[in-house]
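This report concerns only the one structure given below.
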Amino acid sequence: MEETRVKKGDVIEYTLKRLNADPAVTPVLMVGDRKHDVIGAAENGIDCVGVLYGYGSSEELTGAGAKYLAESVEELEKYLLSGVWEA
């Protein structure tokens, strides 16, 4: 809110610290709809699932390195519950 963290990677890093979450120890997955989400996740050693029901396109998300694309909330749910992303 005070605009001290304007890059997505900085926001994710701050959130991980606040939650005491270490992606090297505990599985963490970013869900995002723009390339900035994917890039910010990668900067913090986290995979990102791109959702196509947001603002970004499949080209934008895959170009940024999204691990998986979900076209709907239901598809995202199936992916998350499958546990594939934790491997």
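Computed values, structure above
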item	result
Unit charges on C-beta of K, R, D, E only; dipole of the chain, Debye	200
Per-peptide average of other Cβ atoms within 10 Å, ordering 67-80, 13-26 highest first	67-80, 13-26
Distance between modelled label sites at Y53 and S82, nm, 7 Å Cα→Cβ extension	1.7
Anchor K78: lysines whose Cα lies under 23 Å away (excluding residues fewer than 8 positions away in-chain)	K35, K67
Anchor K17: lysines whose Cα lies under 22 Å away (excluding residues fewer than 8 positions away in-chain)	K7, K8
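Rule-based calculations on the coordinates, nothing more; no lab input. In this text, all values refer to a predicted model and were calculated from it rather than measured experimentally. Note that we place each Cβ from the backbone using ideal geometry, even for glycine, and neighbour counts take in every protein chain shown.
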